[in-house]
Structures are given as C-alpha cells and as structure tokens.
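The values are calculated or read from the model by the stated rules, or taken from the named source; none is laboratory data. It should be emphasised that the depicted structure is a prediction, and the values quoted were computed from it without experimental measurement. Quick reminder, even Gly has a Cβ in these numbers, built from the backbone with ideal geometry, and neighbours come from all protein chains shown. In case anyone asks, the SASA skips ligands and DNA or RNA and just uses the protein heavy atoms, side chains included. Shrake-Rupley method; radii C 1.70, N 1.55, O 1.52, S 1.80 Å.
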Amino acid sequence: MNEDCLVFDVVTNSDSKDKKMTNADDVALLLSCGSKVAYQQNIDFLDKWHNGEIPGKKYTICLYENEICTESVVGVLRIWQSPFCNNKWLLEGIEVKYNKRRNGYGKKLVEKALGILRELSVDEVYLNVNNKNTSSRSLVTGLGFKLCSQGCTNSFGHELKTSNHYVYQF
C-alpha cells in the first residue's frame, strides 16, 4: 500500500444528493461482490441511509487508490450516531475489497473515522465484532478499542449473540 496514493471521500448528511448517490454506487459495488441482487439491496439501504429514512448523524467514508472512481474503491466504513442505541456513536459496515485485505486499508479507514470523531469532540465510539472474526478483533484492539461486553445489540437495537461490543475512548 502506497499511502501517498490513498484518497478518502467522506459523505455527510448535508452533502448533495448527487455526491451521496455516487458514493452509494461505489459502496454497493464493493459490498455486493458481483451479485446483482446484493448490489440492489445495498443501493436500497444506502438510499435510505442518505435520504434520512434512517435517522441520526451519519458519515460514510470511502477509501480509494489514486483517484475517486468506482474502479479504485478499496474500502468503506460508516459512522453513525444511532437513535436506536441511546445516540451512541458507532463504527459499522467496515469492509475492504477482498483482494486488498491484510494491507492496512481497514486500519486507515478506522483511523480516519477516529479523526473525524475527535474533531467532533466525541468522548467515545463503539463497534461490534463477530466472535469468529479474529482479524477484525486484532485490528480494533490494536487501535485501542476495549472489550466492553460479550454479546451486544446492533446499531438498530437488535440483539447479537455472536458478536462482542468494543469501545474506544478519546
């Protein structure tokens, strides 16, 4: 990974619809892994995410190599102040393109998110990690996240027995 070639694109609630939907298309393509059904499901979710049907303060971070274009997207992460979780700030939907994993892109995404939250004077941020995902667990604990509960609720308030809840305090 050449850090000089990394480009972040951060989309917020207040950005234009065009910027939001360009970002949504790149994110949906990354998350769908070539499946047209998954692509449409991701577009539908991201449309709700960006148009306010899903409430709360939200940021979507895309990480690109060299330039902002669909072909160069390597990762995505969402930041959400979820009203379904007592307005806690959450990191979610962290995904790195399969052939780009284990190269530090996930770390760069989380570091970018922490920087945004630090600028917002947030005291703490949470995330959930599936118990079987040892790579993600190593990533977040290596960045200073601490386990705060075994089992958790997701960002919509639904119980997850197969994931643990982690917190990062600024």
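Quick notes
- Residue satisfying condition, being within 24 Å of GLY56 (Cβ to Cβ), open to solvent by less than 70 Å² (accessible area, probe 1.4 Å) and not in a loop (DSSP other than H, G, I, E, B), within set LEU91, LEU139: LEU91
- Of residues in the range 4-39 being touching a residue at least 12 places away in the same chain (Cβ under 8 Å) and open to solvent by 70 Å² or more (accessible area, probe 1.4 Å), the one farthest from LYS57 (Cα to Cα): CYS33
- Test: residue in the range 13-30 that is among the polar types (S, T, N, Q), over 15 Å from LYS108 (Cβ atoms) and modelled with pLDDT of 90 or more: no
- For the range 146-161, the criterion of being among the aliphatic types (A, V, I, L, M) and under 16 Å from the mean Cα position of the chain (by Cα) is met by no residue.
- Qualifying positions in the range 3-57 - outside any helix (DSSP H, G or I) and in contact with a Gly (Cβ under 9 Å, 6 or more places away or on another chain): ASN13
- ARG102 vs. criteria under 20 Å from PHE145 (Cα atoms), free of Cβ contacts under 8 Å to residues at least 60 places away in the same chain and either open to solvent by 40 Å² or more (accessible area, probe 1.4 Å) or of a type in the set (Ser, Thr, Tyr) (or both): yes
- In the range 40-79, the residue that is modelled with the lowest pLDDT out of those that are among the acidic types (Asp, Glu) and surrounded by fewer than 17 Cβ atoms within 10 Å (Cβ to Cβ) is GLU71.
- Test: residue in the range 117-131 that is crowded, with 16+ Cβ neighbours inside 10 Å, touching a Ser or Thr at 6+ places or on another chain (Cβ under 7 Å), under 28 Å from GLN150 (Cβ atoms) and among the aliphatic types (A, V, I, L, M): yes
- Total residues in the range 145-159, condition outside any loop (DSSP other than H, G, I, E, B), under 15 Å from ASN86 (Cα atoms), open to solvent by 40 Å² or more (accessible area, probe 1.4 Å) and without any contact (Cβ under 8 Å) to a residue 60 or more places away in the chain: 1
- For LEU63, the stated conditions hold: it is in contact with a helix residue (DSSP H, G or I) (Cβ under 9 Å, 6 or more places away or on another chain) and closer than 21 Å to VAL110 by Cβ.
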